[in-house]
Structures are given as structure tokens and as C-alpha cells.
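See below for the structure under consideration.
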């Protein structure tokens, strides 16, 4: 009985920590992208990065994230409850690649907030660059090789939406 209780408690802690790291419940149909707003100093930091690197034609989302649609796509548009397959590359401001995949399938609601906001801006077959302030990524939490308070840059191709 004691082992079962300990096992159940451990499972609850793991599930809670997973939901906490995504920023919200995985499939929350009430998710409102503009309800998540990065602090102004983080937005200013992204603006400076874009300017310093000559990156033009980006759009500022109401959340403070910036994006550039390379190709809008022509297929389905995902929502927070969609299972998506993407090809992506994630980088830090110094161009260090911290993660990439040619095919990753996951529920959109399980990604970081910046992904939840940015990926639905394109349709299947589309590609987008996301410039995500820390508050819309992992915030003050270091994750793997990503330091705390890191702005994240993603190149994302939306392969399919289910």
C-alpha cells in the first residue's frame, strides 16, 4: 500500500511538472494567445537582436513575440488541440543550435507558449521563423543546454495537422 501511494505521488509530481513546463494545460480550447505578454524589456531585447542582425519584415505579435512567415502554406491550420508534425531547428541568440528534428509529431498544446502562438499563424506546408522572448519560452528556468532567460529562435516547417 505504501509503495503504491509513493508511486502515485511520484506520478502526480511528474505530470504536474510537465504541465507546468508547457505553460498551460496541453489541450485548452480557451487558450488565448494575446493573454500571454512578454515584459517590455524582453520585447526590447528581441527588437535589438533583430536590428543588430539586419532581420527585416518581421511582425510583432500582441504577445511580444516576433515572427516572419516565409511561406504561408495551403493546407489545414492547426489549433491548440491539433496534433502537428513539424520540421524545426531551435537556436540561441549566438546561433548555437540546441535542438532540431526533421519530423516531430506532438500535440501543439504541449509545446512552449511561443510555439502555441506562432505555429497556428501558418498552414500545412508553411514555414515560419519565430523570435520568442524568454517569458514565452522557458523563462527563468534552464532546460538542457538552454540557459535561463534565453530568447529562442526557431525555423519551423509545418508538415501536417491532424
Could you identify the single residue in 28, 44, 99, 70 that is out of contact with any strand residue (DSSP E or B) (no Cβ under 6 Å at 6 or more places or on another chain) and modelled with pLDDT of 95 or more? 44
Determine if the range 44-58 includes at least one residue that is assigned to a loop (DSSP other than H, G, I, E, B) and in contact with a helix residue (DSSP H, G or I) (Cβ under 7 Å, 6 or more places away or on another chain). yes
When you scan the range 95-162 for strands (runs of 3 or more DSSP E) that lie fully inside it, which ones turn up with 2 or more residues that are free of Cβ contacts under 8 Å to residues at least 24 places away in the same chain and surrounded by fewer than 21 Cβ atoms within 10 Å (Cβ to Cβ)? 97-107
Do we find that residue 86 is touching a residue at least 24 places away in the same chain (Cβ under 8 Å), within 13 Å of residue 157 (Cα to Cα) and either touching a helix residue (DSSP H, G or I) at 6+ places or on another chain (Cβ under 8 Å) or not in a strand (DSSP E or B) (or both) in this structure? yes
Which one of these does residue 68 not meet: (1) part of a strand (DSSP E or B); (2) in contact with a helix residue (DSSP H, G or I) (Cβ under 7 Å, 6 or more places away or on another chain)? (2)
Residue check for residue 62: touching a strand residue (DSSP E or B) at 6+ places or on another chain (Cβ under 9 Å), assigned to a loop (DSSP other than H, G, I, E, B) and either crowded, with 16+ Cβ neighbours inside 10 Å or touching a residue at least 12 places away in the same chain (Cβ under 8 Å) (or both): no
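The values are calculated or read from the model by the stated rules, or taken from the named source; none is laboratory data. In this text, all values refer to a predicted model and were calculated from it rather than measured experimentally. Here the Cβ is made from the backbone with ideal geometry for all residues, glycine too, and neighbour counts use every protein chain on show.
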